[in-house]
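S.K.: Following this message is one structure expressed as structure tokens.
Read-outs throughout are calculated quantities, based only on the coordinates presented, and are distinct from any laboratory measurement. All values reported here derive from a predicted model rather than from experimental measurement. Note: ideal-geometry Cβ built from the backbone for every residue, glycine included; neighbour counts use all protein chains shown.
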Amino acid sequence: MTAKTMEIGSSDPVIEVDDLNFHYGSAAALHNISMNFTRKKVTALIGPSGCGKSTFLRCLNRMNDMIDIARVEGRIRLNGDEIYTPKLDVIELRRRVGMVFQKSNPFPKSIFENVVYGLRIAGVRNRAQLAESCEKALRSAALWDEVKDRLEDSALGLSGGQMQRLCIARAIAVNPEVILMDEPCSALDPKSTARVEELISELRENYTIIIVTHNMQQAARVSDHTAFFFEGLLVEYGLTNQVFIKPKNKQTEDYITGRFG
Amino acid sequence: MQKYWRRGEPFVWLTGAALTLTLVMAAALIIVVMVNGLGVFWPTEVTQAKFQDGTRVMGEIIKREPLPSGEGDRIQFKTGNRDLYGLDFRWVDTAGIIELDHPVEAVVLEREEYGNFYGFLHEINAPDLDQPAGETLGEQLSAVRQSVEKRQQEIGQLEERVAGLSDRMQDLRLELQKLEFEGYPPESSAVKEVRQRQSLLREDFDTLVARHEDRRRELRQIQATFADVSGTLKTVAVADIVRAYYPNDMAWWEKAVFYLSKLKELFLGEPREANTEGGLFPAIFGTVMLIFLMSLFSFPLGVIAAIYLREYAKEGPIVRVVRIAVNNLAGIPSIVYGIFGLGFFIYGVGGSLDRLFFPERLPTPTFGTGGILWASLTLALLTVPVVIVATDEALGAIPKGVREGSLALGATKFQTLSRILVPMASPGIMTGLILAMARAAGEVAPLMITGVVKLAPALPLDGDFPFLHLDRKFMHLGFHIYDIGFQSPNVEAAKPMVFVTTLLLVLIVLIMSSVAIHLRNKMKKRYTYGTF
Ligand SMILES: Nc1ncnc2c1ncn2[C@@H]1O[C@H](COP(=O)(O)OP(=O)(O)OP(=O)(O)O)[C@@H](O)[C@H]1O
Ligand SMILES: [Mg+2]
């Protein structure tokens, strides 16, 4: 198993995870996870509810720091730089590793201010530059045409699907290297889901994407690589085609075919 | 029957009744205050009662009720003329009355002293004025009053100059005190120099005071004589007449004008006659300024403390205990806060300030005595738990996703707080502030030992450097109600004023909280999530 998993991302990995263990207080959530993520590929994380996908994802941009009882062991490197060291600037890390959440969470500000939020807090003041980045991000999130006339309106007036794309635009406006997506389509209707999936396919040109999903078809459609998690363990990790058509592991097969739990 | 219970109808009735009861009680309170308060300034007709034995009584009818014996009615008259009769009010039996009428020439005087006068104008005595213009005595009186008013203004200016000089003399006295305290001997040049300036100033002061006295005496020579209903004559200085009007001879619009002028006096005038007459301006000003200062202290303190509690402190038993403690702080009786304010702020902090900065004035305290600063700090302490609880809850109600969304974009905790969380919590924070203000506006007990007075010589904010005098004592509407309603020598006469003051206090609280609620709703629209 390990030999196989190490194969993916062995050349030019963006993120390398080494023997990662994670505990909420005394309860272990992740056991000895080791995997690499390939640059400019889409990796899907699948697995039953509660198996630790979100926990793992949040380790990658240190969002778990905010949980008082969380404890992390092991090493994660971003472009070869250690993430879990006191020297690391978390702010900088989160700028390089963006995140899109399951429930869209626009700020109660205008659409424009939402998109440029990351830039503003990074200290960009130049109005023209902000406007340019805003347009670029909204275009790449396939939202520009819908909102270009109402940039100053509140983002809370958007539809659910638009809000989620706004959150994606917000994440790419700061130009991250990696985008983490935690079930980005779970609250969306099929049409909006299709748009977001389309979007992911376009974004793969420039970004490394790691996406958690419960939708097998979605994982099969959008991802290059797939990782199957089960009870805090990385059970199988490989090319999406292989994992879906010819899974090596019995548990994986059961899960994918829906014979699970 | 079972169905009836199953549908829960008794419970609906019970809850509905409870709500109705509270609403009715609140409405009744407000209506009583409004009816009594709003009518006070509308001129009441003056009624004259003639009795079989030839005596007469004249005044405003206050109320009419059956006799305790059960036969016939009795009427309460406000007869005024306290200087003549000793009492303002009088009960008479309707049995003895042969006639009730409303003489048109009846005049009501509001005076600087002794309350209202009800009677008739008899003659005018203005030795140094030319024959005053006007056909009737009444017109002449108003002409005389106009010229008297003009002279009173001049005298007022004189008084201001006297007050300015007296302030400067006070400064010199303090300077001298300081020099002596610092050990300069009486024959040293510094002390001598101050003394010289002092004596120069005193000469000016004395001449000015003498001139003021002369003017006043001259003015008081202008007099008018009135007769009461039974013909007793009473001569008063025209300068003592605040208002003279003929309520039985006024059209409704004249009464309206009169009403407005009374309102103007209420809002802008100074109190007279042990606070039972005149305006409430110093009390209104004191109340508003107190609430304002209180908000200035408790608002930032409460918000910042709540931010620490919710955002920075580690969730755990200690934080939980602190939260419970803060919630309970709001339940401590306000007098306890007052005593704490007296002990800590006034004697502790104020006393230390005096020892440090004004040792030469001791034992006369400067800050070591009640004042608006200490009172507002005490109130701030009293209301800060409300602000903390409201802010804490508002912050806690913000969805976790928003917080994480901001942090995931590389925002620091502080940026997240200042750009996202605090604006989003602002409607809740405003609610807390509204509650705090409403509570502070209604508190009287702690003020009574931290600096409220029944009559303050000067406002805490005025044109004299340094403009803001936080050490000064102040007046307050709530205390005013207590003072005139229960402490004044003439409670019956003060009753209308109690209602007016209550109405005003309710009005101020209402205005302040409406403004705050308006602001809150605006913020709510901007910062809350719509459903999608
Ligand atoms: N803040 C937390 N404190 C304590 N335990 C937690 C916390 N968050 C998650 N867990 C536990 O960690 C385990 C993994 O949770 P995680 O959210 O990573 O699962 P998941 O794979 O994302 O599930 P889902 O598909 O339902 O989102 C679960 O057993 C969960 O109960
Ligand atoms: Mg999850």
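S.K.: Above 36 Å lies some portion of the pair distances; for the protein assembly as shown, what is it as a whole percent of all C-alpha pairs?
M.R.: The calculated P(r) of the protein assembly as shown puts 65 percent of pairs beyond 36 Å.
S.K.: Mind pulling the angle between the C-alpha long axis of helix B:281-307 and the longest principal axis of chain B? Nearest 10 degrees, somewhere in 0 to 90.
M.R.: Roughly 0 degrees, rounded to the nearest 10.
S.K.: Return the sequence-ordered ³J(HN,Hα) values of region B:242-252 in whole Hz as given by the Karplus equation 6.51 cos²θ - 1.76 cosθ + 1.60 applied to θ = phi - 60°, using x for Gly and Pro.
M.R.: 7, 8, 10, 8, 10, x, 7, 10, 10, 6, 4
S.K.: What percent do you get for the relative contact order of region A:4-256 when only Cα pairs under 8 Å and 6+ apart count?
M.R.: Numbers: 472 pairs, mean separation 68.6, N = 253.
After rounding, I find 27 percent.
S.K.: Then there is this: Compute the long axis of helix A:190-203 from its Cα atoms, compare it with the longest principal axis of the Cα atoms of chain A, and write down the angle in degrees, 0 to 90, nearest 10.
M.R.: The angle comes out at about 90 degrees.
S.K.: Apply the Karplus curve 6.51 cos²θ - 1.76 cosθ + 1.60, θ = phi - 60°, to the phi angles in region B:416-423 and return the couplings in whole Hz, x for Gly and Pro.
M.R.: For region B:416-423, the Karplus-derived couplings read 4, 4, 6, 9, 10, 5, 5, x Hz, x marking Gly and Pro.
S.K.: For A:Lys41, which aspartates and glutamates qualify as cross-link partners when the Cα separation must be under 19 Å and same-chain residues fewer than eight apart are set aside?
M.R.: Candidates past the 8-residue exclusion: A:Glu7, A:Asp12, A:Glu16, A:Glu177, A:Asp182, A:Glu183, A:Glu197, A:Glu198, A:Glu202, A:Glu205, A:Asp224, A:Glu236.
S.K.: Between the alpha-carbon centers of region A:168-185 and region B:30-60, tell me the distance in whole angstrom.
M.R.: 79 Å
S.K.: Right, something else. Give me the number: length gained by fully extending B:Glu139 to B:Ala28, i.e. 0.36 nm times residue separation minus the C-alpha to C-alpha distance, one decimal in nm. Intermediate results must be reported in sequence, preceding the final value.
M.R.: Numbers: separation 111, 0.36 × 111 = 39.96 nm, distance 4.46 nm.
Contour length minus Cα-Cα distance gives 35.5 nm.
S.K.: Need one number: nm distance between label points at B:Ile97 and B:Leu38, each 7 Å from Cα along Cα→Cβ, rounded to one decimal.
M.R.: The answer from the label model is 2.7 nm.
S.K.: Could you tally the net charge around B:Thr383, taking each other residue with its Cβ under 13 Å from the Cβ of B:Thr383, Lys/Arg +1 and Asp/Glu -1?
M.R.: On the way: positive: B:Arg439; negative: B:Glu443.
Residues close to B:Thr383 contribute a combined charge of 0.
S.K.: Could you state the per residue volume, in Å³, of the convex hull enclosing the Cα atoms of chain B? Mind dumping the intermediate values first?
M.R.: Working: hull volume 145.4 nm³, N = 532.
Given the Cα convex hull of chain B, per-residue volume reads 273 Å³.
S.K.: Using the Kirkwood radius over C-alpha pairs as Rh, can you work out the diffusion coefficient of region B:435-532 via Stokes-Einstein at 10 °C, viscosity 1.306 mPa s, in µm² per second?
M.R.: Calculated translational D: 98 µm²/s.
S.K.: Pop a pseudo-label 7 angstrom from the Cα along the beta-carbon direction at both B:Ala227 and B:Ala397 and give the gap in nm to one decimal.
M.R.: For the pair B:Ala227/B:Ala397, the computed spacing is 7.2 nm.
S.K.: Would you compute, from DSSP H runs of 4+ residues alone, the mean residue ellipticity of chain B at 222 nm, taking -39500 (n - 2.57) per run and dividing by the full residue count, rounded to the nearest 500?
M.R.: Details: 17 runs with 293 residues, N = 532.
Per the formula, -18500 deg cm²/dmol.
S.K.: Report the far tail of the P(r) of region A:4-256, meaning the percent of Cα-Cα pairs longer than 35 Å. Display every interim value, and only then the final one.
M.R.: Numbers: 4398 of 31878 pairs.
Pairs farther apart than 35 Å: 14 percent.
S.K.: Something else: When only DSSP loop residues count, what GluC sites (Glu not before Pro) in region B:18-93 have their Cβ near at most 14 other Cβ atoms within 10 Å?
M.R.: Working: sites: B:Glu45, B:Glu60, B:Glu71; in loops: B:Glu45, B:Glu71.
Those that pass, being in a loop and sparsely packed, are B:Glu45, B:Glu71.
S.K.: Please give the helix B:372-396 orientation as an angle from the longest Cα principal axis of chain B, in degrees from 0 to 90, rounded to the nearest 10.
M.R.: 40 degrees
S.K.: Mind giving me the FRET efficiency for B:Glu270 and B:Phe486? R0 is 30 Å, r the Cβ-Cβ distance, nearest 0.05 is fine.
M.R.: Numbers: r = 22 Å, r/R0 = 0.72.
With R0 = 30 Å, the Cβ-Cβ based efficiency is 0.85.
S.K.: Please check chain A for the longest run free of GluC sites (Glu not before Pro) that are loop-located per DSSP (anything but H, G, I, E, B) and have at most 10 other Cβ atoms within 10 Å.
M.R.: Values: sites that count: A:Glu152, A:Glu205.
For GluC sites (Glu not before Pro) (loop position, at most 10 other Cβ atoms within 10 Å), the longest site-free span of chain A is A:1-151.
S.K.: Let me ask something else about it. For B:Lys314, go through the lysines and keep the ones whose alpha-carbon is under 25 Å away, minus same-chain ones fewer than eight residues off.
M.R.: A:Lys87, B:Lys400, B:Lys413
S.K.: Taking H as built 1.01 Å from N, whose amide H comes closer than 5 Å to the amide H of A:Val212, not counting residues under 5 places away?
M.R.: The list, which skips near neighbours in sequence, is A:Leu45, A:Met181, A:Asp182, A:Glu183.
S.K.: If you filter region B:301-392 for trypsin sites (Lys or Arg not before Pro), then keep DSSP loop positions with at most 14 other Cβ within 10 Å, what is left? Kindly include the intermediate steps, with their values, before the conclusion.
M.R.: Numbers: sites: B:Arg310, B:Lys314, B:Arg320, B:Arg323, B:Arg355, B:Arg361; in loops: B:Lys314.
Passing both the DSSP loop test and the Cβ count: B:Lys314.
S.K.: Suppose R0 equals 41 Å; then what is the FRET efficiency for A:Lys246 and B:Ile318 from their Cβ-Cβ distance, rounded to the nearest 0.05? Intermediate results must be reported in sequence, preceding the final value.
M.R.: Working: r = 56 Å, r/R0 = 1.37.
Computed FRET efficiency for A:Lys246 and B:Ile318: 0.15.
S.K.: To continue, here is another question. Can you list the lysines whose alpha carbon sits under 29 Å from that of B:Lys255, skipping same-chain ones fewer than 8 residues off?
M.R.: Answer for B:Lys255, where 29 Å is the Cα cut-off: B:Lys50, B:Lys63, B:Lys78, B:Lys150, B:Lys234, B:Lys264, B:Lys495, listed by chain and number.
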